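Notes follow the structure.
Read the figures in this text as sums done on the coordinates, not as results from a lab. These numbers were taken from a predicted model, which means no experiment stands behind them.
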Amino acid sequence: MKYMGFQTDAAKDAQEKMAMALNLGILALGIYRGAQLASAAASLIRAHAEALASIMSSPWFLIPVAAGIAIAAWGAISALSAPNAQMGGVVMPQSGGTLVRVAEAGEPEVIAPLSRAREMGFGGGGQVNVTMNVYSDDPREISRQLGREIQKTKLAGA
């Protein structure tokens, strides 16, 4: 009002009341919007709770839970370090047994108690005598011939 050239106490009083009324209107609008937001949030939470309750009341809910447990168990079992036996070996007895990985090298393997190995056809651990005539001065040739003879003896089952 002072731009119009006059300012009275009444005009100043009216201006302050109008500013106060506008501020109250803005405050009321903010409160209204806050209430709307709180109502929307409550509806969203209620919808999520109802959806979760309906899922948990269904027996189908147990399938993913069981799958999750199975995957966790598989991971725990896979994490156990079992020795490989691709080159064979002897396992000494111990309480609870021994976990071992077999056939990992891509070929069949045999697992048998040593006390029953002979009845299963796995040698007897006895002595094998090999007699051969070698006609050579070259040590490598002697080694090759000896190796071939040992291989023949193994294949024959001695």
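General observations
- All-pairs Cα distance distribution in region 2-57, expressed in whole percent, bin size 5 Å: 4, 16, 10, 12, 9, 8, 9, 6, 7, 5, 4, 4, 3, 2, 1, 0
- Residues whose amide H lies under 5 Å from that of A117, counting only those 5 or more places away or on a different chain, are absent; hydrogens are built 1.01 Å from N in the peptide plane.
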